[in-house]
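Reading through the structure tokens given below for one structure.
The values are calculated or read from the model by the stated rules, or taken from the named source; none is laboratory data. None of these values were measured; they are calculated from a predicted model. Please note: Cβ atoms are built from the backbone with ideal geometry, for glycine as well, and neighbour counts cover all protein chains shown. Heads up: the accessible areas ignore ligands, DNA and RNA and are worked out on the full protein's heavy atoms, side chains in. Shrake-Rupley method; radii C 1.70, N 1.55, O 1.52, S 1.80 Å.
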Amino acid sequence: MVGSYEEKYGDWEGNLPDWVTGWRLVEAVTIRAAACILTGTDPAPYRYGNSILPSDVEAMETALEQAILMGRLRPFAAWAYNPQLSEEVPIAEDEIDPHLNLVSKQTTVRVVDLVEWADARGVPHCWRVANTPSGNASDLADFPDELRAAVEAFKAVHADPRALAGKSPRQALGAWLKANKPGLSEGARDRIATVANWQPTGGAPKTPG
């Protein structure tokens, strides 16, 4: 890359390119669009067809595909190529297999999940201010580990009816923590699920919202 990030793409914190405005409002993006945005490239010329991608966009798209295949980035709506049908078909999240599936560039991810993935890797993005109450998504990095995990678990589970299906909020939080924070002990997951539980009185699960 020639010059600094700011020289090529502008300052995400304030001096944003004109094409970014609408993208700051979306709640989900395709892998292809995300790869463009995270490298400071307008997605418009590359959203459809088999356009040749700039090398930095192609590398970022590969990183996002691998993150989904390895379970580090959760898909919102996953698509994969079906050789029998010679077309891309929707697949369930639990059908993603790194040995069999090549997730499609049309697979979508939630912006909140993409922001978490990008912040953990120090990747600048246009959602830094728009999608966090504190004004900076990386602020969570300053939290103690269990408090950060509680915030992440609450944000992931509270707005996801699938995670709550047939479970109490505390159970759903525990399941998310077990799947996404494997380094935590069982006792730590129990403490975090208790702290993040928004329905401590028990009873039937309530629909978020």
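Quick look at the numbers
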quantity	calculated
Near pairs, Cβ below 6 angstrom, 6+ apart or cross-chain, from the stretch 168-193 (more than 16 Å from Leu147 (Cβ to Cβ)) to any residue that is assigned to a helix (DSSP H, G or I) and not β-branched (Val, Ile, Thr)	Arg170/Ala193; Ala172/Ala163; Ala172/Leu164; Gly174/Arg189; Gly174/Ala193
Asn136 vs. criteria open to solvent by less than 80 Å² (accessible area, probe 1.4 Å), modelled with pLDDT under 80 and of a type in the set (S, T, N, Q)	yes
Residue that is surrounded by the fewest Cβ atoms within 10 Å (Cβ to Cβ) [pool: residues in the stretch 5-39 that are of a type in the set (Gly, Ala, Ser) and at pLDDT 55 or above]	Gly22
Qualifying residue in the stretch 163-175 (condition: of a type outside the set (A, V, I, L, M, F, W, C), out of contact with any helix residue (DSSP H, G or I) (no Cβ under 7 Å at 6 or more places or on another chain), exposed (fewer than 13 other Cβ atoms within 10 Å of the Cβ) and not in a helix (DSSP H, G or I))	yes
Residue that is farthest from the chain's Cα centre (by Cα) [pool: residues in the stretch 58-103 that are among the acidic types (Asp, Glu) and open to solvent by 60 Å² or more (accessible area, probe 1.4 Å)]	Glu87
Any chance Arg47 is in contact with a helix residue (DSSP H, G or I) (Cβ under 9 Å, 6 or more places away or on another chain), basic (Lys, Arg) and at pLDDT 85 or above	no
